[in-house]
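Dropping a structure here in structure tokens format, bear with me for questions.
The values are calculated or read from the model by the stated rules, or taken from the named source; none is laboratory data. A quick note: this is a predicted structure, and the numbers were derived from the prediction, not measured. Backbone-built Cβ (ideal geometry, glycine too); neighbour counts: all protein chains shown.
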Amino acid sequence: MASCVQLGKFKRSKSWFIDFAYNPKKDQAGDVRNILLIVATLIAAVTFQSGVNPPGGVWQDTIETKGRLKGHVAGTAIYASREADFYVFLICNTVALSTSVLVIMSLTYNFPFHLEVLIATAAMLATYASAIFAVTPADYSYRFRFILIAAALPFVLRVLIYMVKSKAKEEQENLCCKCRRENSDDNSCRRCGSEISKIAEDVKV
């Protein structure tokens, strides 16, 4: 019984995650943008470096294939000898780099020198593509289409999200108070066809 009383004295510790979570009432937009830029830039730097210098380095000599022994070419990634693992590495690394570039481009939109930033990021992606083409063995060439799809995936997802949000916003326009549950300046409801002013008066009554 005494142990139960002693345990009751201890209060439950407050989660540190709540303290560091984003709070729109306290956090300013400029500070949030700067933090996101720092994180996105760090991810872009790490993933770019991993693509140019793959784990394990590259082969320094060329050995031809003899019988069951598989050869390699100088300058290609050593990690590529493990085909499945290297393929997963390329796709995940490309998705991370492409996503971070999308965040950087979005956060710097309409900023001064935005065109220069866009050109620099496009050139960086081209450099990354040429680097992974150089260190990847020739027998991977037929799989590069999946890596290109992985690079375009974040941009395609963002466009789809924007289209869905735009469609949802259009559906909420020209609706009466009864259907949209908010005031509107239009005269007719697109969903039920009733006059907005009349229904608004009914709601007030």
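Using beta carbons and a limit of 6 Å, which pairs, at least six apart or on different chains, have the first residue in region 60-85 and in the same structural domain as residue 137 (by TED's automatic domain parsing) and the second one at pLDDT below 80 and charged (D, E, K, R)?
71/64; 74/61
Limited to region 64-87, what total is found for residues that are modelled with pLDDT of 85 or more and of a type in the set (Asp, Glu)?
Summing the residues that are modelled with pLDDT of 85 or more and of a type in the set (Asp, Glu) in region 64-87 gives 1.
Residue check: is residue 91 within 20 Å of the chain's Cα centre (by Cα), surrounded by 12 or more Cβ atoms within 10 Å (Cβ to Cβ) and closer than 27 Å to residue 161 by Cβ?
Spelling it out, residue 91 is indeed within 20 Å of the chain's Cα centre (by Cα), surrounded by 12 or more Cβ atoms within 10 Å (Cβ to Cβ) and closer than 27 Å to residue 161 by Cβ.
Criterion first (outside any loop (DSSP other than H, G, I, E, B), over 20 Å from residue 138 (Cα atoms), at pLDDT 75 or above and under 20 Å from the mean Cα position of the chain (by Cα)) does residue 39 satisfy it?
Considered against the rule, which asks whether it is outside any loop (DSSP other than H, G, I, E, B), over 20 Å from residue 138 (Cα atoms), at pLDDT 75 or above and under 20 Å from the mean Cα position of the chain (by Cα), residue 39 comes out as yes.
Just for helices (runs of 4 or more DSSP H) wholly inside region 88-205: which have at least 2 residues that are at pLDDT 70 or above?
It comes to 114-135, 144-172.
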